[in-house]
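One structure below.
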Amino acid sequence: MRRNHRTTLIANTLAVTAVIAVAAGCGPQSGKAGAGAPAAPGSPSASSSTAPSPSASGATRPSAPAAASASAADDKPGGAPAASRASATPAAKPAPKVLMANGSKGDRVKELQARLAQIGWFDDTPTGTYGAVTTAAVKGFQGRRGLPATGATDSVTWDRLLGMTSKPTAQELAGRGVNKPAAKLDARCMTGRAMCIDKTSRTLSWVVNGTVQSTMDVRFGSQYTPTREGVFKVFEKSRDHVSTIYHTAMPYAMFFSGGQAVHYSSDFAARGYNGASHGCVNVRDKAKVAALFDQVHIGDKVVVYW
């Protein structure tokens, strides 16, 4: 009787131990035991399918109901599903369409050149061929208006130009009678003696007591070396000046702000508005600037404005 009781006690203990072992199991080892295969000694039992199993990164993988709950939460107002969140990122804005560029030819290019001439950015006869001269003119127009200075005429550049110009006449398309904007004298130029320099019309007017004595075409520095704006005074004149920085000739130089001066430019005379100065006011008509040099006195005003 005592032996039977001991035997029963041992059997019950073994049964409880087996139950505990099964309850602690968490699924088969990946790549070790296949479906229906016995677990290795000491490994978790393959019979447990409800407990969470560790992922490769050590995080607990949610059971099917938990995953479904997470998806449902994502679908609630205020939170997009995971798949749609990725696609909800706004697409990059497409680049403007290029309408004309270096190498283009035709009537539209000629119209482009004539329109640029109206606002002083094209200084040659329209040819209908988009070459280096037109590329440089478009690049200057773009840079001045905060557009990407590519030199190619895209839809944004073209629309901006159309808004600033009028349809070219037959004479303008032939390079004659360009409707260049007239210089508008700044109020600061109307008293005393002043070189009145208008960046919009790209002209210099020599004004004495409100009366214009002469006017000449000028060009300015690039966006990287801009010509300063404001009211200055001529503090030095040098008839045969040579730049000590760039070692280039600056005849009839009239200095008004640091190293910036009004002077004749052979490069401007040769290339027109396809180039730029390092900040000086270039004059391309040598006879006119020579006459101006003889009239301007030290202390005369220089007004540079838009």
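The values are calculated or read from the model by the stated rules, or taken from the named source; none is laboratory data. What you see is a predicted model, and the numbers here were worked out from it, not measured in a lab. Because the Cβ atoms are built from the backbone with ideal geometry, glycine has one as well, and the counts that use them run over all protein chains shown.
Please indicate, with yes or no, whether at least one residue in segment 243-256 is small (Gly, Ala, Ser), out of contact with any Ser or Thr (no Cβ under 6 Å at 6 or more places or on another chain), assigned by TED's automatic domain parsing to the domain that holds residue 296 and in contact (Cβ under 8 Å) with a residue 60 or more places away in the chain.
No, segment 243-256 contains no residue that is small (Gly, Ala, Ser), out of contact with any Ser or Thr (no Cβ under 6 Å at 6 or more places or on another chain), assigned by TED's automatic domain parsing to the domain that holds residue 296 and in contact (Cβ under 8 Å) with a residue 60 or more places away in the chain.
Among the numbered criteria (1) surrounded by 19 or more Cβ atoms within 10 Å (Cβ to Cβ); (2) touching a helix residue (DSSP H, G or I) at 6+ places or on another chain (Cβ under 8 Å), which one does residue 147 miss?
(1)
From the list 299, 230, 258, which one is touching a Lys or Arg at 6+ places or on another chain (Cβ under 7 Å), on the phi > 0 side of the Ramachandran plot and at pLDDT 95 or above?
299
Can you tell me how many residues within segment 268-286 are outside any loop (DSSP other than H, G, I, E, B) and at pLDDT 90 or above?
5
Can you go through 224, 246, 252 and tell me which one is in a loop (DSSP other than H, G, I, E, B) and over 26 Å from residue 113 (Cβ atoms)?
After applying the criteria, what remains is 246.
Check whether at least one residue in segment 90-112 is part of a loop (DSSP other than H, G, I, E, B), closer than 28 Å to residue 229 by Cβ and not assigned by TED's automatic domain parsing to the domain that holds residue 273, and report yes or no. Talk me through it step by step, then tell me what you get.
Initial filter on segment 90-112 (part of a loop (DSSP other than H, G, I, E, B)): 90-97, 101-104, 106.
From what is left, the residues that are closer than 28 Å to residue 229 by Cβ are none.
Taking every residue of segment 90-112 in turn, none turns out to be part of a loop (DSSP other than H, G, I, E, B), closer than 28 Å to residue 229 by Cβ and not assigned by TED's automatic domain parsing to the domain that holds residue 273.
Filter segment 192-215 down to the residues that are more than 33 Å from the chain's Cα centre (by Cα), surrounded by fewer than 19 Cβ atoms within 10 Å (Cβ to Cβ) and on the phi < 0 side of the Ramachandran plot and list them by number.
193, 208, 211, 212, 213, 214, 215
Given the criterion at pLDDT 70 or above and out of contact with any helix residue (DSSP H, G or I) (no Cβ under 8 Å at 6 or more places or on another chain), identify the matching residue among 63, 155, 53.
155
Which residue is nearest to the chain's Cα centre (by Cα), if the candidates are limited to segment 109-141 and must be farther than 17 Å from residue 163 by Cβ and among the charged types (D, E, K, R)?
Taking the candidates together, the pick is 139.
Can you find, within segment 275-295, the residue that is farthest from residue 246 (Cα to Cα) among those that are surrounded by 22 or more Cβ atoms within 10 Å (Cβ to Cβ) and hydrophobic (A, V, I, L, M, F, W, C)?
Quick first cut of segment 275-295, residues surrounded by 22 or more Cβ atoms within 10 Å (Cβ to Cβ) only: 276-277, 280-283, 289.
Restricting the remaining residues to those that are hydrophobic (A, V, I, L, M, F, W, C) gives 276, 280-281, 283, 289.
Numbers: 276: 14, 280: 12, 281: 15, 283: 18, 289: 21 Å.
Residue satisfying both the conditions and the ranking: 289.
Residues in segment 116-144 that are in a loop (DSSP other than H, G, I, E, B), in contact (Cβ under 8 Å) with a residue 40 or more places away in the chain and not polar (S, T, N, Q): how many? Working first, answer last.
Kept after step one, since they are in a loop (DSSP other than H, G, I, E, B), are these residues of segment 116-144: 119-128, 130-131.
When the remaining residues are screened for being in contact (Cβ under 8 Å) with a residue 40 or more places away in the chain, the result is 119-126.
Narrowing further to those that are not polar (S, T, N, Q): 119-124, 126.
Adding up the residues that qualify gives 7.
Which of the residues spanning segment 163-177 are farther than 14 Å from residue 122 by Cβ and either part of a helix (DSSP H, G or I) or not basic (Lys, Arg) (or both)?
Of everything in segment 163-177, those that are farther than 14 Å from residue 122 by Cβ and either part of a helix (DSSP H, G or I) or not basic (Lys, Arg) (or both) turn out to be 163, 166, 169, 170, 171, 177.
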